[in-house]
Structures are given as C-alpha cells and as structure tokens.
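Bear in mind these aren't lab numbers, they're just calculated from the coordinates by the rules spelled out. On a predicted model such as this, the values are computed, not experimentally measured, just so you know. Here the Cβ is made from the backbone with ideal geometry for all residues, glycine too, and neighbour counts use every protein chain on show.
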Amino acid sequence: MTAIASNASVLLTIGLAAMVTYLLRFGGLMLAGSLPRSGRWKRFMDALPGTILLSLIAPAIVSAGLWGGVGTLATALCAYKTKNLLLSMLFGVAIVALSRQF
C-alpha cells in the first residue's frame with residue numbers, strides 16, 4: 001500500500017514541477033512583448049544570462065579550491081584561443097581530474 005502511495009506522490013510531484021516549469025516559460029514569453037527594447041532595462045536584460053551563469057559557476061570554483069581555479073582559468077584561456085567550447089571544457093575537466101589523482 002505504501003509503494004502505491006509513494007509512486008502516486010512521485011508522479012504528482014513530477015507533474016506539478018513540469019506544470020510550473022511550463023507556466024514560467026509561457027509567462028516569460030507573454031511578458032517579453034511588454035519589455036522595453038532599448039535603454040537601461042534592455043542592457044540589464046542582455047547582461048542577465050552571464051550573471052546567472054557566473055552565479056552558478058563561482059561557488060563550484062571556490063569549493064574546488066586552487067585546482068578548480070586553475071582549471072577554470074585554463075578553460076577560459078583555451079576557449080578564448082581556440083573558440084572551441086567542448087575542447088575547452090574537456091581541458092578544464094582534465095586538469096581538475098588529474099589534480100585529484102596526485
């Protein structure tokens with residue numbers, strides 16, 4: 001009996017999460033038409049994806065310590081020089097992985 005109730009609650013949770021995600025995306029699309037297309041607000045919105053990415057990456061860099069910072073710097077330099085993001089990410093991950101082996 002508990003397995004059935006547990007499965008139902010899991011399915012309900014997944015369904016509600018999917019619905020909230022869809023509604024947030026739909027709401028964003030509906031609001032996008034009313035946002036200003038120039039000025040300070042546009043500059044803010046243009047900068048937002050980079051700041052969100054940085055807020056996700058910065059704690060991981062700090063928690064990884066010195067070699068996490070070295071790997072991040074190597075990834076950024078490789079991306080700048082080669083313009084190949086996959087190669088850059090592999091390079092940074094390899095540096096951190098090798099540092100953990102020794």
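Using the charge dipole of the chain (Lys, Arg: +1 at Cβ; Asp, Glu: -1 at Cβ; taken about the Cα centre), state which of Leu31, Gly92, Leu53 has its Cα farthest towards the positive end. So the residue we want is Leu31. Peptide packing for 7-13, 68-74 was compared via the average number of neighbouring C-beta atoms within 10 Å per residue; ordered from the highest value, the list is 68-74, 7-13. Along segment 40-48 the Karplus relation, 6.51 cos²θ - 1.76 cosθ + 1.60 evaluated at θ = phi - 60°, assigns HN-Hα couplings of 4, 4, 5, 4, 4, 5, 5, 7, 4 Hz to successive residues, with x for each Gly and Pro.
Distance between the pseudo-spin-label points of Leu24 and Asn7 (7 Å out from Cα toward the beta carbon): 2.9 nm.
Note on segment 41-102: percent of Cα-Cα distances in each 10 Å bin, starting at 0 and stopping at the bin with the largest distance, equals 22, 43, 27, 7, 1. Couplings 3J(HN,Hα) for segment 7-23, derived from phi with the Karplus relation 6.51 cos²θ - 1.76 cosθ + 1.60 (θ = phi - 60°), are 4, 5, 5, 5, 5, 5, 4, 5, x, 5, 4, 5, 5, 5, 4, 4, 5 Hz, where x marks Gly and Pro.
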